[in-house]
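I have placed the structure first, in the form of structure tokens, so that the comments after it can refer back to it.
The values are calculated or read from the model by the stated rules, or taken from the named source; none is laboratory data. Note that the structure is predicted; figures quoted are calculated from it, not measured. Every residue, glycine among them, receives a Cβ derived from its backbone with ideal geometry; neighbour counts consider all protein chains shown. For accessibility, only protein heavy atoms count, side chains too; no ligands or nucleic acids. Shrake-Rupley method; radii C 1.70, N 1.55, O 1.52, S 1.80 Å.
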Amino acid sequence: MLANALWAGWYLFSTVVMAAFAYVYWTNRNVRGLEYLLAAAVLGSLQSLLYLLSLVAPTVTTKVIFWKLFGVLAAVVVFLWYLFVVAWTERAVLARRSTLALAGGPLAVCVALLVTNTAPAVPGLHSLYWSSASVTAPDAFVSPIAFSIGPAALAQQLYSLGLLIASVGLLVAFTLRSDQRLYRWRNTMLVLGGAAGLCFAVGFAFLGLPYEPHPLVYVLANSFVVLGVVRFGDYDVVSLPENSLIEAIDGAILVYSVDGTVIELNEAAKLVLGLTDEAVGRGIVGVVELAESLPAVRGGSAGTAASPAGVADLLDGHEFTTAINGVSRTFVVRVSRLDDDGEHLGWTVLCYDVTDLRQKQQELDLLKQVLSRVLRHNVRNDLSVVKANAQMLAEETSGLQAERLQTIMDKSDNLLDASEKARTVEKLLSGERTRSEFDVAELATEAIETTRREFPGVFFETDLPDTCPVHAHWAVSHAVENVIENAAMHNDSDDPQVVVTADCGDDHATLRVADNGPGIPYKEIEVLERREETALEHGSSVGLWLIDWIVDLSQGDIEFENTDRGCTVTIELEAAIPDADVEDEEATDLNLGIGADDD
């Protein structure tokens, strides 16, 4: 009695579970072939319910009717699983209508024989499916039917097992394909689902129990399938054109495995590289040769093909221009390794559009050339002429006119200085961005001597070490010179003073330049902190921008602080440890006795 109740509970449970599986398949129905599993899950849930009704039906006639419906659905579910496997493994020959008709024909015949078989109180045409049917426990609430099966029932069972074995074989062969290495876990889940259901159904038959194993087999097999969907993601993550993952990538993408087999390419790759779906499954060398815009991957007199890794090296960084829908576009190729838990699986080739970027670069280069030419020739030459004429006129005049001419000469000097700094900025942006070793104490000393000659009325106070090596950009001397020059140039105090100090630590070196002038306007500092200018608020000092850029390229920090007594500019740079000191430290750490004080 208890056993019967447990079996009834299990069939009710399988009804609910199969309905849940159907929901999972519905949410992933865009996956190739999963619509067949969706239909199978719905029918499997209904099949479990029908068998439960057959167990509790009050008469043998009603039980047989429910069981017949159960048997029909069992044949349909088996065929739906086979359809899914054919679709999933992309067997075009097996997917033809004629082939599928041959595969499903025997099941259809068996189902027809099941429906037309003679049953108690229901006349039929034959007794090929079973010859007799009886209730095993007539007085029990839950009682299965015992059949004396005929040749048609045996034929359906053997044929269903044959379809299951064939489907598992197809899945195994598909999983072992080289282009499926990326998807081995998903395919393995399918193989386990089919194999587990097959083995359980066969084993259950040998137990000789009166209950049908189908609902139990369905739950077990679909558990593996659903585990694959939930744990390892949608089955066809890459190979489905409908799947948004690869199609959402901004660029043409092609994936090939570690053995050089092309696994997938998106629609953009077909358009950009001029390829078709036939590229999938071919070697990467042959595919690259088909794409005229990609570089040659064969070298030497014998035309030896590059290895898959060699192809990745050849493609990475390649830039090409091609026509897309009649419009010329420029692309850059980037190749990335594809790894899974440390195992190298292949490479992804991404061609992304850089047409707009290259156009902007060309426009900026042209603008730089024009501005550089204007600053170098037109502005500088014209200002030199203006200054020379003003000097000649100043020598011939006096009074108010002479003062005005002096103003013209001063402003000309300012513009010439700004022109020279703009040229320095141009060199700064177009030059190397590597760092070298400089002595900031020496740079500060030279800048002070130059500024003292230019502004003899400014008093300089210094506190500099003998040496203070730093790692900085090659233009760091311009930054140091501009900071010290600005402190003297803009100092309108009656007793102008500039204090230059430097501290050289183990990690960083700090240069401070303080003056007792009016300070730097706050709007100038705000512009530098925002690192951008606006139409209504902008900086007027090219020198401040120059200083800020150079310190930034030196991987240092700069701070401007206005006080009641003037302005303090603090530059912090990375200290450079002399090579000899590094060697001494390493030797001391190794306890070699080198570099330590001898007693």
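Remarks
- Filter pass, S134 being more than 30 Å from I263 (Cβ to Cβ), part of a strand (DSSP E or B), at pLDDT below 85 and among the hydroxyl-bearing types (S, T, Y): yes
- Close contacts from region 257-271, counting a first residue that is more than 15 Å from G281 (Cβ to Cβ) and open to solvent by 10 Å² or more (accessible area, probe 1.4 Å) and a second that is among the β-branched types (V, I, T) and modelled with pLDDT of 85 or more, with Cβ to Cβ under 8 Å and a gap of 6+ residues or different chains, come to A268/I253; L271/I324.
- P465, sole failed condition from (1) open to solvent by 30 Å² or more (accessible area, probe 1.4 Å); (2) touching a Lys or Arg at 6+ places or on another chain (Cβ under 9 Å); (3) not hydrophobic (A, V, I, L, M, F, W, C): (2)
- Of all residues in region 151-177, those being open to solvent by 30 Å² or more (accessible area, probe 1.4 Å) and touching a Gly at 6+ places or on another chain (Cβ under 8 Å) number 1.
- Odd one out for A472 among (1) open to solvent by 50 Å² or more (accessible area, probe 1.4 Å); (2) in contact (Cβ under 8 Å) with a residue 12 or more places away in the chain: (1)
- Selection within region 437-462 - open to solvent by 100 Å² or more (accessible area, probe 1.4 Å), free of Cβ contacts under 8 Å to residues at least 40 places away in the same chain and part of a strand (DSSP E or B): F459
- Subset of region 463-505 (residues that are assigned to a helix (DSSP H, G or I) and not small (G, A, S)): V476, H478, V480, E481, N482, V483, I484, E485, N486, M489
- Evaluation of E524 against the conditions (1) free of Cβ contacts under 8 Å to residues at least 60 places away in the same chain; (2) farther than 20 Å from A576 by Cα; (3) assigned to a loop (DSSP other than H, G, I, E, B) shows that the sole unmet condition is (3).
- Residues that are under 25 Å from Y159 (Cβ atoms) and open to solvent by 10 Å² or more (accessible area, probe 1.4 Å) number at least 2 in the following helices (runs of 4 or more DSSP H) confined to region 1-107: 34-56, 60-88.
- Of all residues making up region 338-349, the number that are open to solvent by 50 Å² or more (accessible area, probe 1.4 Å) and modelled with pLDDT of 90 or more: 0
- Some residue of region 398-409 being surrounded by 13 or more Cβ atoms within 10 Å (Cβ to Cβ), at pLDDT below 85 and either among the basic types (K, R) or within 30 Å of L366 (Cβ to Cβ) (or both): no
- Test result for G317, out of contact with any helix residue (DSSP H, G or I) (no Cβ under 9 Å at 6 or more places or on another chain) and in a loop (DSSP other than H, G, I, E, B): yes
- Within region 505-518, tally of residues that are farther than 15 Å from D557 by Cβ and surrounded by 21 or more Cβ atoms within 10 Å (Cβ to Cβ): 3
- Among the residues of region 231-250, none qualifies, meaning not one is surrounded by 17 or more Cβ atoms within 10 Å (Cβ to Cβ) and at pLDDT 85 or above.
- Residues that are farther than 26 Å from R186 by Cβ and among the hydroxyl-bearing types (S, T, Y), drawn from region 1-51: Y11, T15, S48, Y51
- Cβ pairs under 7 Å, 6+ apart, first in region 347-368 and free of Cβ contacts under 8 Å to residues at least 24 places away in the same chain and within 17 Å of K270 (Cα to Cα), second part of a strand (DSSP E or B) and of a type in the set (F, W, Y): none
- For the residues A19, A87, A57, the requirement of being in the same structural domain as Y218 (by the TED database) and modelled with pLDDT of 90 or more singles out A19.
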